[in-house]
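First the structure, in the form of structure tokens, and then the observations on it.
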Amino acid sequence: ILDRALAKDPQQRYASADEMAADIALVTRDVKRDEIFKMLPQAERLVFGHEYTRAREVLQEILRIDSQHTGAKRLLSEVQRQLTQRQREESIQQLRTRAEDARRDKQFDRAIGYLEDAIKIDSSDLELPRLLESVRQQKRTREQSEVYLQQADAARQVGDFENAKAIVQKALELDKQNSKVIAACKVIEQEVEEAERKARARNLIESARREIASRNFEKATGLLREADALDSANPELQPQLDQAAQSLEQEQRRKIVDEIHNDAALATTLDEIQRVLNLVNGALARMPAEASLIKLKV
């Protein structure tokens, strides 16, 4: 074409620019056909290998060369559909991942929102509604557990530990993985045990009072020591211990004095009287203010 356009002989040149353009158009068509012939199989291979982004670039280049190429148009449409589907799948997967993370962190409202967005993208996915309902059920379970915890706490405030324990057990049966419920259950069990210990300690103190009134001071002291092991902070305990110890000491002193008086009453020989006097002196060393012993010594 260039040689003909530059020919020295005017008869050999193109008669008009249109005639030259017609030849150029033919050459261009052939060149385009050759390029497309090489590029289209490449695009098809990329599509077959699911490399849709690169395939789209090749197909767009083909259509830049020949905007009316039907094969390239058809294949590009399929590539666009696959890319759109892939983008939807990636978006759904991201939303599902975020929903699972929120669900694991017990942020159920956020998880529900992510799953609802995923369903809007693909309403044909049957797994998403099931997952959404599962999260909603978990939310309802957690809310009911919170109600139980509030009820249990109210029972604890008034000292009704048995009722509080029963309510927390219901919450635990409903939501076994709830760390707050597990912690509350342990706390209430400890409080129930403590309340039972204090109740046993009070009963022992009351029994000790009766034994003191009956002058069974040693038994009363044993009961009070048991109460001390259960609830040493009981304000009634120490006064009762002091009273029992004092009464026991008085009882022991009385017994000693009575025994000495009995021995004195039976003493008839000088040796027996001397032995009783030694007993009196020993007792007065421990009980110097005991009037009956002072009198007996005289």
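The table for this structure:
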item	result
Residue among LEU132, LEU128 that is at pLDDT 90 or above and over 14 Å from PHE108 (Cα atoms)	LEU128
LYS180 being within 28 Å of ARG98 (Cα to Cα), part of a loop (DSSP other than H, G, I, E, B) and open to solvent by 60 Å² or more (accessible area, probe 1.4 Å)	no
Considering residues of the stretch 244-272 that are touching a helix residue (DSSP H, G or I) at 6+ places or on another chain (Cβ under 8 Å) and over 30 Å from ALA213 (Cβ atoms) only, the residue most open to solvent (accessible area, probe 1.4 Å)	LEU266
Single residue of ALA229, ALA208 found to be at pLDDT 85 or above and open to solvent by 70 Å² or more (accessible area, probe 1.4 Å)	ALA229
Filtered residue count, the stretch 66-123, keeping only those that are more than 30 Å from LYS38 (Cβ to Cβ), open to solvent by 80 Å² or more (accessible area, probe 1.4 Å) and of a type outside the set (Asp, Glu)	9
Candidates LEU26, LEU115 - the one that is closer than 30 Å to LYS176 by Cα and part of a helix (DSSP H, G or I)	LEU115
Any hit, the stretch 274-292, residues being of a type in the set (Asp, Glu) and open to solvent by 80 Å² or more (accessible area, probe 1.4 Å)	no
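Residue-by-condition table, conditions (1) under 30 Å from VAL298 (Cβ atoms); (2) more than 42 Å from the chain's Cα centre (by Cα); (3) part of a helix (DSSP H, G or I):
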{"position": "ALA201", "(1), (2), (3)": "no, no, yes"}
{"position": "GLU206", "(1), (2), (3)": "no, yes, yes"}
{"position": "ILE212", "(1), (2), (3)": "no, yes, yes"}
{"position": "ALA233", "(1), (2), (3)": "no, no, no"}
{"position": "VAL257", "(1), (2), (3)": "yes, yes, yes"}
{"position": "ALA265", "(1), (2), (3)": "yes, yes, yes"}
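The values are calculated or read from the model by the stated rules, or taken from the named source; none is laboratory data. Note that the structure is predicted; figures quoted are calculated from it, not measured. Heads up, the Cβs are rebuilt from the backbone with ideal geometry, glycines too, and the neighbour counts pull from every protein chain shown. The area values use the complete protein model at the heavy-atom level, side chains included, leaving out ligands, DNA and RNA. Shrake-Rupley method; radii C 1.70, N 1.55, O 1.52, S 1.80 Å.
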